[in-house]
Amino acid sequence: MLKSSACAALAILMAFAGAANSEEKAEMVKKGAPAYRICAACHSLQPGVHLSGPSLAGLWGKKAASVDDYGRYTEALRKEDLVWDEDTLNAWLADPQAMVPGTTMTFRGVEKDDVRANLIAFLRRAMTEGGTVKVVKEGLVSERMASGPVPPELSSLGANQRITEIRHCRDGYFITTADGAKFPFWETNVRIKIDTSLRGPKKGEPVLLRSGMAGDRVSVVFSSLAEFKNLVAEKC
Ligand code: HEC
């Protein structure tokens, strides 16, 4: 009798401890979510969306550098034989360069132990298979933060941004758009880019994006490298 009531008391105590523990964990996840903002500058939590860094979706418990369709891993990370969990992420996020010298994750690290622990509690939820939808639904991060800085859709821009002719002469680019407007730009103010993704410009239709306050700086985005070579002529 005595023994069984002691057992019951112990069971209740353990249940309490368990509840406190999971409450504590939920609190850590909540506190850690805002710290994810800094990661969202380079990563998406949407599966298959690779930005400067690979998508973090479903990486919890996976081998490092194992996302097949992310083609820009460094040799340094590839040759590490590690699996992403609390311990490995703790070392990685404290100082990526110290853990994997030569990595291109140019992020100096989360210095404070408690901030890092909370962030990792959040990542455990977010980076587990199906976690992206959960963390957005639970209001831990906005949809936008979960998506990351996905480049704008360039395949359906207006005539004033679709380029029909581009030539280079001396130190300038001379650009004509589909609405007939012609612009001269100093070559130093023109960023030449390629967006080969589905969001990129249509084939044969590079686009003009204005940037900066003065309006004299632009990006010209092509759908492929070949297109850049074929469409830009040196002609004065
Ligand atoms: C400046 C951009 C940048 C920031 C900020 C950044 N990362 Fe990264 N991250 C990268 C790049 C690039 C890689 C690939 C590194 C390599 O191949 O060496 C990477 C790799 C990773 C990996 C390994 C992926 C894999 O498939 O093995 C994880 C995990 C990761 N980052 C998590 C984070 C977290 C969490 C944060 C925020 C605390 C963060 N990163 C901040 C750019 C960034």
Within the stretch 41-149, considering only helices (runs of 4 or more DSSP H) that don't extend past its boundaries, which have at least 2 residues that are farther than 24 Å from S22 by Cβ and either aromatic (F, W, Y) or over 19 Å from the mean Cα position of the chain (by Cα) (or both)? 75-78, 86-94, 96-99
Of I120, I166, the only residue that is closer than 20 Å to P54 by Cβ, crowded, with 19+ Cβ neighbours inside 10 Å and either in contact (Cβ under 8 Å) with a residue 12 or more places away in the chain or not assigned by TED's automatic domain parsing to the domain that holds L93 (or both) is I120
Scan the stretch 59-87 for residues that are in contact with a helix residue (DSSP H, G or I) (Cβ under 9 Å, 6 or more places away or on another chain) and more than 7 Å from the ligand (Cβ to nearest atom) and jot them down. W60, E80, L82, D85, E86
Does P96 fit the bill of being under 30 Å from V232 (Cα atoms) and within 13 Å of the ligand (Cβ to nearest atom)? no
Out of all the residues in the stretch 41-58, which are in contact (Cβ under 8 Å) with a residue 60 or more places away in the chain, closer than 18 Å to G130 by Cα and near the ligand (Cβ under 8 Å from one of its atoms)? H43, L56
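The values are calculated or read from the model by the stated rules, or taken from the named source; none is laboratory data. This structure is a prediction, so every number in the text was calculated from the model and none was measured. For neighbour counting, all protein chains shown are included, and Cβ atoms are generated from backbone atoms with ideal geometry for every residue, glycine included.
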